[in-house]
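Data block below; observations after.
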Amino acid sequence: MTSRPPKTRATSEAGAAGASSSSPPLAAAAARRLAVVGTAGHIDHGKTALVRRLTGVDTDRLPEEKKRGISIDLGFAPLVTPAGVRVGLVDVPGHERFVKNMLAGVGGVDLVLLVIAADEGVMPQTREHMAIVKLLAVQRGVIVLTKRDLVDDDWLALVTRDARALVEGTFLAESPIVPFSAVTGAGTSELLAAMDAQLALLDERGGVGPARLPVDRVFTVEGFGTVVTGTLWRGRVRTGDVLELLPLGAEVRVRRVQVHGATVEEAVAGQRTALALHGVDRDQVTRGDWLCEPGSLRASRVLDVRFELLADHPREWKPDTRVRFHLGASEIIGRLLLLGDAARRPLPPGETALAQLRLERAAVAARGDRFVIRSYSPSRTVGGGSVIEPVAERRRRSEVEGLDSLEVHESGSLESRLMEKLGVASRPVSTEQLAQDVGEPVAAVAASLDSLVQRGSAVAPVPGRWLSDARWHEARDALERAVRAYSEQHPSRYGVMKGELKSGLKSALDSTLFDLAFAALLADGELELTGERVRPGDSPWEPPAATLALLEKLEAMLEAEAFLVPDNDTWQKALGTGAPEAAGLGFFLGRLVRVNAEFTYTAVQMERLRALVAGWFDAGNAAMTVADFRGFTGASRKFAVPLLEHCDRVGWTVRVGDERRRG
Ligand SMILES: Nc1nc2c(ncn2[C@@H]2O[C@H](COP(=O)(O)OP(=O)(O)OP(=O)(O)O)[C@@H](O)[C@H]2O)c(=O)[nH]1
Ligand SMILES: [Mg+2]
């Protein structure tokens with residue numbers, strides 16, 4: 001998809017086969033088959049010339065780059081090493097104004113070629129690029145002293161000493177230093193051998209985990225639409241895959257996958273990858289966006305991090321500072337707030353602190369991601385660090401509470417980090433969600449959860465959803481306590497209405513958690529449910545004798561004059577304060593029936609009524625008028641109408657016009 005095909009030499013797949021078959025022992029020695037290698041170093045030190053010498057590709061392709069003779073943006077070129085490692089070379093600009101572009105390309109490289117011109121020696125961007133690759137935790141590198149043809153041996157020895165001093169105590173301390181000339185080609189085979197030796201020390205990325213690719217270029221290709229490129233950081237991408245474009249949140253489909261200019265079925269982590277996308281316009285994607293397996297990462301403007309200030313930073317660092325945050329290929333402006341003790345005093349150079357980033361646009365990070373911080377203006381690399389909580393809550397700087405849990409999340413074991421997450425969850429959390437929250441693979445998280453369950457620290461109230469054991473028992477206890485309290489307070493009621501119980505506990509228990517705890521308590525016999533009422537399962541219900549006696553008195557009052565019952569107000573006054581409890585008991589036991597807002601009847605009266613109505617139709621009557629009804633019940637109009645409506649409601653009769661038919 002790159003419009004420019006690879007030009008020469010060892011860049012084609014055929015060249016690769018030739019190189020590896022001609023030196024089988026070397027090929028066998030290379031543990032790594034794929035790698036991304038980035039250049040780094042001061043302007044004009046010969047990075048682009050080196051890449052051209054190794055690959056035949058001129059990565060300075062912009063007219064502006066040609067005119068000024070400097071690199072401005074990233075360049076890419078494929079290379080197959082003598083040992084057969086397929087390398088994507090990323091050439092970065094050295095100019096101090098384009099460090100931003102350098103940062104977009106250097107994230108995710110396996111190996112850095114630290115380029116120092118032998119004639120000029122260590123310069124400002126040599127140091128800045130060195131600081132950046134250190135902050136990003138690049139693991140391996142080779143130091144290349146370019147322009148070897150321009151210096152004599154004494155000078156070379158001097159520059160070699162300076163280079164050693166620069167990398168002392170860093171990941172490059174033991175790295176080979178290779179003198180090289182792009183003009184004469186001297187040092188080429190030594191450089192390739194040194195790269196192979198370093199690459200052999202790296203583990204294969206393996207393509208496990210959900211796919212994740214930082215977009216560093218976007219363009220359109222005739223017939224293929226939107227094409228993005230980037231280093232595949234994790235996972236695999238195949239033609240037809242659906243990916244999520246973040247932070248936008250759009251779903252896209254992969255129409256075509258290319259690696260090193262050749263169409264492939266699948267790209268694997270560690271490869272420079274070009275993807276033709278369906279479902280997104282060119283102007284919807286920019287450098288700094290991410291393509292991820294859907295649901296695997298969330299975008300957030302607030303992140304908790306560990307920040308380290310460079311040891312050679314000239315000043316102390318203020319606790320609240322405007323910065324540029326660089327992660328993957330993205331640059332986002334925001335504030336860096338130091339937390340805890342560091343919030344109260346400036347941070348000395350070389351020290352670290354827990355910090356919160358509040359960004360102007362959402363970042364897409366995972367736990368453990370390395371990032372770089374540059375000052376807002378002028379832009380200088382000042383430090384960096386690693387992400388602890390990629391989706392964080394805003395917290396006050398002085399707020400010490402929560403810092404302990406942040407520390408656990410930073411360096412604790414997977415199990416302690418999971419317990420930390422479960423401890424604050426208000427409802428059971430899925431394995432996938434937890435894996436995302438702690439930034440670990442689902443399989444590892446599932447295994448940890450199993451052992452937490454075995455130790456009694458966690459539970460799965462539903463398969464695949466988890467809660468801390470403490471939270472689960474808290475929920476069950478709260479529910480049981482509420483049911484018990486109600487029953488003690490209202491002995492004449494069978495129990496509390498389930499809906500009333502749930503809304504009463506709303507502030508303490510999330511609705512899902514309530515339902516799960518409720519079901520578990522019922523299953524365990526801790527609670528008993530009859531109709532909509534709930535009571536403790538261990539004490540059989542015995543209505544109080546006094547209330548029962550009052551209910552009997554009420555029934556006698558209602559039945560005194562056939563269907564001519566006293567209205568509710570009347571019997572309530574007559575029975576006094578115990579009346580509502582007695583009536584409630586009667587309704588629950590089915591001994592009382594509410595006919596309308598005014599009248600209540602006993603079950604015995606209702607049974608008599610049913611028999612009378614049935615008798616009327618049994619006698620051969622097809623219809624019944626209100627007058628008929630009054631005739632055989634002796635009820636005046638005031639009672640007859642609500643009673644007839646009740647008959648309709650319970651299905652003993654059906655109303656047709658002014659008459660009733662049998663129900
Ligand atoms: N004599 C000599 N000149 C070299 C060598 N390597 C590069 N140059 C020259 O140095 C100048 C800069 O080289 P580039 O490769 O563009 O430098 P760069 O590091 O890519 O520069 P930026 O990308 O702008 O940071 C060019 O004029 C090259 O021809 C070398 O090994 N020997
Ligand atoms: Mg260049």
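The values are calculated or read from the model by the stated rules, or taken from the named source; none is laboratory data. Just so it is clear, the model here is predicted, and its values are computed rather than measured. Note that each Cβ is placed from the backbone with ideal geometry, even for glycine, and that neighbours are counted across all protein chains shown. Just so you know, the surface numbers come from the protein's heavy atoms only, side chains and all, with ligands and any DNA or RNA stripped out. Shrake-Rupley method; radii C 1.70, N 1.55, O 1.52, S 1.80 Å.
A compact table of results
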| read-out | value |
| --- | --- |
| In sequence order, calculated HN-Hα J values of segment 598-607 (Karplus, 6.51, -1.76, 1.60; Hz; x Gly/Pro) | 9, 10, 10, 10, 8, 4, 5, 4, 5, 5 |
| Cα shape, segment 509-638, gyration tensor, a/c 1.5 rule | prolate |
| Degrees between helix 153-167 axis and first principal axis of the chain (Cα, 0 to 90, nearest 10) | 20 |
| Carbon + sulfur, % of accessible area of segment 224-298 - ligands and nucleic acids excluded, 1.4 Å | 45 |
| Loop-located trypsin sites (Lys or Arg not before Pro) in segment 396-487 whose Cβ has at most 12 other Cβ within 10 Å (DSSP) | ARG396, ARG455 |
| Helical mean residue ellipticity (222 nm; -39500 (n - 2.57) per DSSP H run of 4+; nearest 500) of the chain | -10500 deg cm²/dmol |
| Förster-model FRET efficiency, 30 Å R0, MET557 and LYS506, C-beta, rounded to 0.05 | 0.15 |
| Label-point separation, ASP648 to ALA549 (7 Å along Cα→Cβ), nm | 4.3 |
| Difference of contour (0.36 nm per residue) and Cα-Cα distance, GLN489 to ARG61 | 145.7 nm |
| Solvent-accessible area per residue for the chain (1.4 angstrom probe, square angstrom) | 44 |
| Hz values of 3J(HN,Hα) by residue in segment 540-545 - Karplus curve (6.51, -1.76, 1.60), Gly and Pro given as x | x, 7, 9, x, x, 4 |
| Hz values of 3J(HN,Hα) by residue in segment 64-74 - Karplus curve (6.51, -1.76, 1.60), Gly and Pro given as x | 4, 5, 5, 5, 8, x, 10, 8, 10, 10, 5 |
| Difference of contour (0.36 nm per residue) and Cα-Cα distance, ARG345 to ARG68 | 95.2 nm |
| Sulfur and carbon atoms: percent of accessible area, segment 389-462 [1.4 Å] | 49 |
| Contour excess over end-to-end distance, with Cα ends at ARG315 and LEU248 and 0.36 nm allotted per residue | 20.4 nm |
| FRET efficiency, SER430 to HIS473 (Cβ-Cβ, R0 35 Å, nearest 0.05) | 0.95 |
